[in-house]
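The values are calculated or read from the model by the stated rules, or taken from the named source; none is laboratory data. This one's a predicted model, so the numbers in the text were calculated from it and none came from an experiment. When we count neighbours, we look across all protein chains shown, and the Cβ atoms used for this are built from the backbone with ideal geometry, even at glycine. For accessibility, only protein heavy atoms count, side chains too; no ligands or nucleic acids. Shrake-Rupley method; radii C 1.70, N 1.55, O 1.52, S 1.80 Å.
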Amino acid sequence: GYEGHHAVFPISLPSQCIMLGCPKDGIVFDPFIGSGTTAIACIKERRHFIGFELSKECFDKAVKRIKREQQQLSLF
C-alpha cells in the first residue's frame, strides 16, 4: 500500500463518489483519513475536505501527501 498503509484504494473510487454526491466547492468528511486518498480526490475534484485519523503516523504521512498534491500546478 501507499507508504505502508494497510487499506489503500484507487483514487478513482472516492473520486466517483465525490463527483456524484458532493457539489463543486462542497465539503467531504472522512472520519478515517488513512493515507489521504479521499483528500487527494477532493483536491482533484475541487471539493473541500475534513479528515480525522487516530494514528499520528498515518496522519503525518497523509498530511505530507496532501501538501504535495496542493502544491501541484493545475492548468485546468
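Quick check on residue 71: is it of a type in the set (S, T, N, Q), open to solvent by 90 Å² or more (accessible area, probe 1.4 Å) and modelled with pLDDT under 95?
Values: of a type in the set (S, T, N, Q): yes; open to solvent by 90 Å² or more (accessible area, probe 1.4 Å): yes; modelled with pLDDT under 95: yes.
Judged against the criteria, residue 71 is a match.
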Looking only at residues in the stretch 33-58 that are outside any helix (DSSP H, G or I) and in contact with a Ser or Thr (Cβ under 9 Å, 6 or more places away or on another chain), which one is least open to solvent (accessible area, probe 1.4 Å)?
-> 34
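Hey, among the residues in the stretch 13-45 that are among the polar types (S, T, N, Q) and either farther than 20 Å from residue 61 by Cα or at pLDDT below 95 (or both), which one's farthest from the chain's Cα centre (by Cα)? Full working, then the answer.
Narrowing the stretch 13-45 to residues among the polar types (S, T, N, Q): 15-16, 35, 37-38.
Then keep just the ones that are either farther than 20 Å from residue 61 by Cα or at pLDDT below 95 (or both); that gives 15-16, 35.
On the way: 15: 9, 16: 13, 35: 8 Å.
Among residues in the stretch 13-45 that are among the polar types (S, T, N, Q) and either farther than 20 Å from residue 61 by Cα or at pLDDT below 95 (or both), the one farthest from the chain's Cα centre (by Cα) is 16.
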